[in-house]
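One structure is given here, and the rest of the page talks about it.
The values are calculated or read from the model by the stated rules, or taken from the named source; none is laboratory data. Bear in mind the structure is a predicted one, so any value in this text is a computation, not a measurement. The protein model used for the area step is the full one, side chains on, heavy atoms only, and it has no ligands, DNA or RNA in it. Shrake-Rupley method; radii C 1.70, N 1.55, O 1.52, S 1.80 Å.
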Amino acid sequence: MKRIKSRRQMAAGIIALVLALLCFAVLLLAGYQARFLAAGVLALAWSAISFSLAFSQKGAAEEIAAQADERDIYLAIKSGHTALRILTYTLWGGCLGSLVLYGCLGLPVLLHAAITLCAVQVLLFFITLGANLYWEKRG
C-alpha cells in the first residue's frame with residue numbers, strides 16, 4: 001500500500017471527488033445540462049491529478065518545512081501576523097464605512113455590506129482562535 005506523501009493534495013482530491021459526484025448527481029436528477037457534465041468531468045480530472053500527486057511527491061509545504069531554519073520560520077510567522085492584521089483592519093474599516101454611508105444615504109445594500117463584512121470578521125476571529133488553540137496543543 002502506498003503512503004500518502006502530501007496531505008494537502010489528498011484533501012484536495014477528496015474535495016474534488018465529492019464535487020464531481022455532486023455534479024453527476026445533479027446531472028442525473030435534474031436532467032442533462034452541459035454545464036454540470038463539464039463541471040463534473042473537470043472536477044473528476046482534478047481529483048485524479050490530486051490523488052496522483054498525493055501519493056507520488058511531497059507537497060511544497062512539507063518540502064519547505066523540512067528545510068526551514070529559525071529565521072525563515074520567524075519571517076513566516078511575522079508576515080502571516082501582518083497580513084492578518086491588515087485584513088482585520090480592512091474588514092473593520094469597510095464595515096464602519098458601510099455603516100456611515102448607510103446612515104447618510106439610507107441605501108439598504110450598504111447595510112447588507114456592513115453585516116457581511118462584520119460576519120466575515122467574526123468568522124476570521126473564530127478561525128484564528130481555533131488555529132491558535134490547535135497549534136498551542138500540537139506545537
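Only helical runs count toward this figure. For the chain, summing -39,500 (n - 2.57) over DSSP H runs of n ≥ 4 and dividing by all residues gives -31000 deg cm²/dmol at 222 nm.
Global size of the chain: 21.4, 65 Å for Rg and Dmax (C-alpha atoms, Rg to one decimal, Dmax whole). Largest to smallest in accessible area, the residues Tyr74, Tyr102, Tyr32 fall in the order Tyr32, Tyr74, Tyr102 (1.4 Å probe, all protein chains included). Taking every C-alpha pair closer than 8 Å and separated by at least 6 residues, the mean separation divided by the residue count of the chain gives a relative contact order of 21 percent.
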